[in-house]
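Notes follow the structure.
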Amino acid sequence: MKYLGQDNPLSFMKDQPRRVLDVLNALYNSETNFQISCFYDGGFRARLGDKMNGFKTDDNVDSFEDAVNALGDAALMHYPESRFAKAFGDKGEQDAKV
């Protein structure tokens, strides 16, 4: 699975927790609804959207980092004019991955 055009976006940089928060906060500040949930030994579920308006994506992934990357990638694809896309699209794509 590719996230933000990268085969392996997980670099485990020392500032990774900060980058995760940056992506999630940017989605929130862009008024983009999302959910991340988990169930022991069942991985993580990342959903872009909400119950009221519907979900654009619904991904099951193995790690929290993959869930954040899936949300970032989906937001860039489905909301190219959003504040999130303007901050992380094109030149900022490298900043959107964790």
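General remarks:
- Seen from Phe55, the other residues with C-beta closer than 13 Å to its C-beta sum to a net charge of +1, counting Lys and Arg as +1 and Asp and Glu as -1.
- Potential lengthening between His78 and Leu21 on full extension [0.36 nm per residue; Cα-Cα distance subtracted]: 18.4 nm
- Taking 0.36 nm per residue of separation and subtracting the current Cα-Cα distance, fully stretching the chain between Ile36 and Phe55 would add 5.6 nm.
- Net charge of neighbours whose Cβ lies under 9 Å from the Cβ of Ser30, counting Lys and Arg as +1 and Asp and Glu as -1: +1
- Sites listed here are GluC sites (Glu not before Pro) in segment 28-88 whose DSSP assignment is loop and whose Cβ has at most 15 other Cβ atoms within 10 Å: Glu31, Glu81.
- For segment 32-89, with +1 on Lys and Arg beta carbons and -1 on Asp and Glu, the positive-most of Phe84, Ala74, Val61 along the dipole: Phe84
- From most to least packed by mean Cβ count within 10 Å, the peptides 66-74, 43-51 give 66-74, 43-51.
- Total formal charge among the other residues, if their Cβ is under 9 angstrom from that of Leu71, Lys/Arg +1 and Asp/Glu -1: -1
Read the figures in this text as sums done on the coordinates, not as results from a lab. Quantities reported herein were computed from a predicted structural model and do not represent experimental measurements. Heads up, the Cβs are rebuilt from the backbone with ideal geometry, glycines too, and the neighbour counts pull from every protein chain shown.
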